[in-house]
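The values are calculated or read from the model by the stated rules, or taken from the named source; none is laboratory data. All figures in this text were calculated on a predicted structure; none of them were measured in a lab. In this analysis, Cβ positions are derived from the backbone assuming ideal geometry, glycine residues included, and neighbour counts consider all displayed protein chains. All accessible areas refer to the heavy atoms of the entire protein, side chains included, with ligands and DNA or RNA removed. Shrake-Rupley method; radii C 1.70, N 1.55, O 1.52, S 1.80 Å.
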Amino acid sequence: MPIAVTIRDESSITGTTDTLKLTFPSSVITVEELIKRRVDREVRDRSRTRVSAQFSPVRVSAEETILNIGRPRRSAKKPLLVREKKKVSAAEPTIEERYQIALKGFYSNAFFILVGDRQVRELDERIQLAKDTDIRFIKLVPLIGG
């Protein structure tokens, strides 16, 4: 029986920054399934609406940003000295590539996941879902000089 849960994004500085509803086909999932479904949804949402996410475990490369929003425009008063165009690849990262980036972030503690009051630590760890299951992705902010 499919079950829908709400996922909250939080930061140690700003608190809750966003929420996202995901539906899973089963009430028991793994952490890996949670991350994969989250990445898949964010990539699809971003491609449809160009969402800018503060938190997202899916990072947009500088190259993709240029492709999505274009290059900054230069003032007509300040001509370029060298008018050489840089070639930018049109290939956007795939969902699988984004998923691998998110996994790297999970294992390098760029973010962690709380289910209820418990931190999940392994990809194969099972999560029992209910309608009111509290799932939080918490982004860690590095300290300056530390």
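Applying the selection to segment 21-49, what residues are open to solvent by less than 30 Å² (accessible area, probe 1.4 Å), of a type in the set (A, V, I, L, M, F, W, C) and not in a helix (DSSP H, G or I)? Residues satisfying the conditions are Leu22, Phe24, Ile29.
Filtered by the rule that a residue be open to solvent by less than 40 Å² (accessible area, probe 1.4 Å), part of a loop (DSSP other than H, G, I, E, B) and in contact (Cβ under 8 Å) with a residue 40 or more places away in the chain, segment 99-129 gives Leu123, Leu129. The requirement of being modelled with pLDDT of 50 or more, more than 17 Å from Asp9 (Cβ to Cβ) and surrounded by 12 or more Cβ atoms within 10 Å (Cβ to Cβ) is satisfied by Ile95. Scanning segment 98-125 for residues that are aliphatic (A, V, I, L, M), modelled with pLDDT of 90 or more and within 12 Å of the chain's Cα centre (by Cα) gives Ile101, Ala102, Leu103. For segment 22-51, the set of residues classified as modelled with pLDDT under 95, closer than 18 Å to Ile113 by Cβ and acidic (Asp, Glu) consists of Asp40, Glu42, listed by residue number. Pairing residues of segment 134-146 that are modelled with pLDDT under 90 with residues that are surrounded by 10 or more Cβ atoms within 10 Å (Cβ to Cβ) and of a type in the set (A, V, I, L, M, F, W, C), at Cβ distances under 8 Å and at least 6 apart in sequence or on separate chains, gives Lys139/Phe55; Lys139/Ala110; Lys139/Phe111; Leu140/Ala110; Leu140/Phe111; Leu140/Phe112.
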